[in-house]
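Undergrad: Here's a structure for you.
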Amino acid sequence: MIHTGERVKRERWKSNFSEWFSGILRSADIMETRYPVKGLFVWLPYGLKLRNHVFAIMRELLERSGHQEVLFPQLIPENIFKKEAEHIRGFEEQVYWVTHGGKDKLDVKLALRPTSETSIYPMFALWIRSHADLPIKIYQIVNIFRYETKMTKPMIRLREVTTFKEAHTAHAKPEEAEAQVREAVHIYKRFFDELGVPYVVTKRPRWDTFAGAEYSLAFDTLAPDGRTLQIGTAHNLGQNFAKVYELKYEAPNGKHHYVYQACYGVSERVIAAVMMAHGDDVGLCLPPNVAPIQVVIVPIPFKGREVPVEQIATAIKNELAAAGLRVHLDERDLRPGNKFYYWERRGVPLRLEVGPEDVKKEQVTVVRRDTGEKQAIAKGALKTKVKQLLEEITGDIRKRAWKSFHESVKDASDTETIKRVIEKRGGIARMPWCGGKACGKALEEQTGGDLLGEEFDGKTPSGACPICSKRAKVSVLIARTY
RNA sequence: GGGGUCGUGGGGUAGCCUGGUCUAUCCUGCCGGCUUUGGGAGCCGGUGACUCGAGUUCGAAUCUCGGCGACCCCA
């Protein structure tokens, strides 16, 4: 219980994550999950605010690094969509098609974009003339459709991903595309760090590379149930799409060359990652920078003394709002204890209580959502202290999330150990690997896990591949995945 | 891809096997009133449901088939 000043337990959060997650979506007013079409869900006002704050951080990071926002149509004509053969092989099972306009059958079917390479790159062909047009760095935040046949889950496996940030770039030189992938990784690290969401970066094995890419890097975080969740990807596309969509530029010497490309994406899965990273059995604990409400004020009125309490609460609200904080005064006619649980479920990082005792002593009682710690603060110091506490919470929940993440990544040198690591409530196993596909597949089969890929910028391991016993080339990460 | 379980007010459920006073139980939520307010108070009143379609039957929440949806296991 929070009122004892102790941290809230994380038993249900861990042992029954699925139930915890769907329960909290409703009880914290994040999403309505009863929309009558499989895999489609409704963002509620509070959840949407959270989503918007999260993606505002992404926008800021992209704009600061020279990306420009665009907005492309959602429909892609079949003939253009199907140009890149490998890309299509990767997606055709998952595409929704628009086949009719009213009662008329369309001459050319229209795909509801499952991702936007094939709608964006034909336009690149029109825009790219000379080397001076390069690089192009654009992004959009849009919905995409994928016909998922497996079990769907809000935010995690959707038929309509409502929130998909995809960036697409074109460059003159291969090393520029390579550098762009690195920049994407850098941006995503900053992004997830801002949210306190821990991650590993891996280079996906060749058989799990994005359809049409040279190679794919991916960010994975860990759900409380020990399974990994892919929360970001960055692909080096080389010239694969450039050759299909005729993306050529004229070099200073008058020669024409295909461009080199990168693309990288993050979806609303990141919201699930934020929720799970900092949640507990009571509910959410949102990072202050994305919390729709950063500070909630709960007045504690006593009969006959309501007036001063309410006046002071309102004054505090105005003071904090003027200081740029998202603050809410809960004036509902409910008992305080009820309100405490209500706002804790919704993850509001700081709660202020103003009661008769506080009025008498010219103080405010402040309670941290993450630790339950309760303290009295002199009214004069409130603004400064609140800001300071919010920063402390940001840092502390990030550290705490990383700590539990690190505890879940374990070294292994044989398949039995891997199995133990990734089994129930497990985590991620780190393994030496020869890099061969046959061994990779065998590892997956023998352990029941999925190969995330080789650690990006990881050290060369000293051990041997557990399957073929050859000297390992890379460290590979294995886990059960979402 | 294969197999299984399930669907009752806003949420969680009882009832179903053995069809009939089911006018559908309880908890919670929500609305109104009284009262209370430093960790989910209490009392009174109110609101609100058998997933959809077809079938069997005198009669279906209950039995059969199908759709839609949810969840679980295996590959």
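Undergrad: Pick out the one residue from A:Asp225, A:Asp220 that is acidic (Asp, Glu), under 20 Å from A:Arg480 (Cβ atoms) and modelled with pLDDT under 95.
TA: Every option except A:Asp225 fails the conditions.
Undergrad: Do we find that A:Phe55 is more than 16 Å from RNA strand B (Cβ to nearest atom) and surrounded by 14 or more Cβ atoms within 10 Å (Cβ to Cβ) in this structure?
TA: Yes, satisfied.
Undergrad: Another question about this same structure. Restricting to the range A:292-330, what's the tally of residues that are within 11 Å of RNA strand B (Cβ to nearest atom), open to solvent by 40 Å² or more (accessible area, probe 1.4 Å) and outside any helix (DSSP H, G or I)?
TA: 5
Undergrad: Which one is least open to solvent (accessible area, probe 1.4 Å) among residues in the range A:388-426 that are closer than 25 Å to A:Asp370 by Cβ and over 23 Å from the mean Cα position of the chain (by Cα)?
TA: A:Leu389
Undergrad: Here is a check on your reading of the model: is A:Lys339 more than 7 Å from RNA strand B (Cβ to nearest atom), closer than 18 Å to A:Val307 by Cα, basic (Lys, Arg) and surrounded by fewer than 21 Cβ atoms within 10 Å (Cβ to Cβ)?
TA: For A:Lys339, the condition - more than 7 Å from RNA strand B (Cβ to nearest atom), closer than 18 Å to A:Val307 by Cα, basic (Lys, Arg) and surrounded by fewer than 21 Cβ atoms within 10 Å (Cβ to Cβ) - is not met.
Undergrad: Looking at A:Gly66, is it at pLDDT below 95, within 29 Å of the chain's Cα centre (by Cα) and open to solvent by less than 60 Å² (accessible area, probe 1.4 Å)?
TA: Considered against the rule, which asks whether it is at pLDDT below 95, within 29 Å of the chain's Cα centre (by Cα) and open to solvent by less than 60 Å² (accessible area, probe 1.4 Å), A:Gly66 comes out as no.
Undergrad: Among (1) open to solvent by less than 50 Å² (accessible area, probe 1.4 Å); (2) farther than 19 Å from A:Tyr342 by Cβ; (3) of a type in the set (S, T, N, Q), where does A:Ser27 come up short?
TA: With (1) open to solvent by less than 50 Å² (accessible area, probe 1.4 Å); (2) farther than 19 Å from A:Tyr342 by Cβ; (3) of a type in the set (S, T, N, Q) applied to A:Ser27, the lone miss is (2).
Undergrad: Condition test on A:Ala429, is it of a type outside the set (D, E, K, R) and over 26 Å from the mean Cα position of the chain (by Cα)?
TA: Considered against the rule, which asks whether it is of a type outside the set (D, E, K, R) and over 26 Å from the mean Cα position of the chain (by Cα), A:Ala429 comes out as no.
Undergrad: A further question follows. Checking the structure you have, find out if any residue of the range A:32-53 is part of a helix (DSSP H, G or I) and more than 18 Å from A:Val274 (Cα to Cα).
TA: Scanning the range A:32-53 turns up no residue that is part of a helix (DSSP H, G or I) and more than 18 Å from A:Val274 (Cα to Cα).
Undergrad: Quick check on my filter: what residues within the range A:342-379 are farther than 30 Å from A:Ile24 by Cα, surrounded by 15 or more Cβ atoms within 10 Å (Cβ to Cβ) and more than 9 Å from RNA strand B (Cβ to nearest atom)?
TA: Within the range A:342-379, A:Ile377, A:Lys379 meet the criteria.
The values are calculated or read from the model by the stated rules, or taken from the named source; none is laboratory data. Bear in mind the structure is a predicted one, so any value in this text is a computation, not a measurement. Note: ideal-geometry Cβ built from the backbone for every residue, glycine included; neighbour counts use all protein chains shown. To get the accessible areas, we keep the full protein, side chains included, count just its heavy atoms, and leave off ligands, DNA and RNA. Shrake-Rupley method; radii C 1.70, N 1.55, O 1.52, S 1.80 Å.
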